[in-house]
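Asks: Take this structure first; my questions come after.
The values are calculated or read from the model by the stated rules, or taken from the named source; none is laboratory data. Since the model is a prediction, treat every value here as computed from it, not as a measurement. Cβ placement follows ideal geometry from the backbone for every residue including glycine, while neighbour counts extend to all protein chains displayed.
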Amino acid sequence: MSDKFSIIKKLVQKVRPTEFDDSEELVTTKKAPITKVDSSGKKRVVISDDSEVIDRKSTRSDSDNGASRFRLRRIAVRREEGRRRLRWFTVVGLMIGVVIIVLLLLTSPILSVRKVDVEGVVYADTDLISAIVESVKGEPILTVDLDSAEKKLLAIPWVRQARVSMHLPARVTIEVVERSPIAFFRSVDGFNRVIDRDGRVLDVIEGDPTDYTPINGTGPNISAGQTVEQPFLGAAELINALPAELRARLLTVTVSPEGEVSLALTNDVEVLFGRPDDFQVKLVAVVNEIKRQGTNRYAVIDVSSGQPSVR
């Protein structure tokens, strides 16, 4: 009997109330020994190895942490979406604001054309120039059609070049380079056509101008702004190509019904050019022949064939 109690005592001493395993963070609770009395009156100690593992705290903590991380992530995603929407609305708002400001400026009288400066106009029709100026004045300066104004200017017979430019806040400048009249001829209707070196009719007048070379011969009835054809076009090109010494001696240019061109120079000299072609070659021949003749008297220099002859 004493041996049995000593064994039981040793077993009881080995049993501890609680044990903690830090590595697994578990709480293990062991039950105390249970003493039972059997039918014979003897006491027995019942030792049970059953234990309860408690991990409620850690389980609850892991679950709570996972839920918290999920909520934080969802909140962060929603905030990022909100920031993106805010940026998008900001950009759209700025664009709309810029468009509104531009429209207000375009329609504002502050930026309308209030002054138009015109430069270089001497012979061009003042009524036509004034009409173009009035079409520009009062228009919004940022949208005024400068190209259209230039095209209208170039349509004026006297205008060779035109440039229209804007100057903020409210000024437009019109710069014109006019054509230079070089000759005139009388037409079938009895009026004179003033032409430039390109044969363009600059004006239709009744009297004979004294500042331009007359072209003898009856020309066609064409309007200002149109270009005359041969041989009057060739006569204008010849006059423009004359060297200074011949231009100073030029009196008239004659166009025959056959389309040939001749010049009347001082000292009763006539130069026959023939058909209005190869003017440069023929002019060189005329100048060389005049120099070669010197003080000799002659009445006609004929270069219509390309080879000069004097008589």
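Asks: Of all residues being modelled with pLDDT of 95 or more and more than 47 Å from the chain's Cα centre (by Cα) in segment 195-216, which is farthest from residue 248 (Cα to Cα)? Just the residue, please.
Replies: Per the stated criteria, the residue is 216.
Asks: If you don't mind, another one. Would you mention how many residues in segment 286-301 are surrounded by fewer than 17 Cβ atoms within 10 Å (Cβ to Cβ) and either assigned to a helix (DSSP H, G or I) or touching a Ser or Thr at 6+ places or on another chain (Cβ under 6 Å) (or both)?
Replies: Residues that pass the stated criteria total 5.
Asks: Hey, another quick one. Just to check your reading of the model, which residue among 268, 277, 302 is farther than 21 Å from residue 186 by Cα and touching a strand residue (DSSP E or B) at 6+ places or on another chain (Cβ under 6 Å)?
Replies: 302
Asks: Related question: For segment 110-122, enumerate the residues that are closer than 18 Å to residue 163 by Cβ and either among the polar types (S, T, N, Q) or assigned to a loop (DSSP other than H, G, I, E, B) (or both).
Replies: 113, 120, 121, 122
Asks: Is it the case that segment 165-184 has a residue that's more than 30 Å from residue 139 (Cα to Cα), aromatic (Phe, Trp, Tyr) and touching a helix residue (DSSP H, G or I) at 6+ places or on another chain (Cβ under 7 Å)?
Replies: Among the residues of segment 165-184, not one is more than 30 Å from residue 139 (Cα to Cα), aromatic (Phe, Trp, Tyr) and touching a helix residue (DSSP H, G or I) at 6+ places or on another chain (Cβ under 7 Å), which makes the answer no.
Asks: So which of 225, 234 is touching a Pro at 6+ places or on another chain (Cβ under 7 Å) and crowded, with 21+ Cβ neighbours inside 10 Å?
Replies: The conditions single out 234.
Asks: Can I ask one more? Of the residues 285, 241, only one is in contact with a Leu (Cβ under 9 Å, 6 or more places away or on another chain) and among the small types (Gly, Ala, Ser); which?
Replies: None of the others qualify; the one that does is 241.
Asks: Kindly establish whether residue 185 is at pLDDT 95 or above, surrounded by 21 or more Cβ atoms within 10 Å (Cβ to Cβ) and either within 21 Å of residue 159 (Cα to Cα) or not aliphatic (A, V, I, L, M) (or both).
Replies: Criteria met by residue 185.
Asks: Against the condition within 30 Å of residue 296 (Cβ to Cβ) and free of Cβ contacts under 8 Å to residues at least 60 places away in the same chain, how does residue 233 come out, does it pass?
Replies: No, not satisfied.
Asks: Tell me which of these residue 169 doesn't satisfy, since it passes every other one: (1) part of a strand (DSSP E or B); (2) not assigned by TED's automatic domain parsing to the domain that holds residue 228.
Replies: (1)
Asks: Every residue in segment 259-281 that is within 22 Å of residue 217 (Cα to Cα), in contact (Cβ under 8 Å) with a residue 24 or more places away in the chain and within 54 Å of the chain's Cα centre (by Cα), please.
Replies: If the condition is that a residue be within 22 Å of residue 217 (Cα to Cα), in contact (Cβ under 8 Å) with a residue 24 or more places away in the chain and within 54 Å of the chain's Cα centre (by Cα), then 259, 260, 261, 263, 273, 274, 275, 276, 277, 278, 279 are the ones that fit.
Asks: Restricting attention to segment 293-311, which residues are more than 60 Å from the chain's Cα centre (by Cα) and among the charged types (D, E, K, R)?
Replies: If the condition is that a residue be more than 60 Å from the chain's Cα centre (by Cα) and among the charged types (D, E, K, R), then 297, 311 are the ones that fit.
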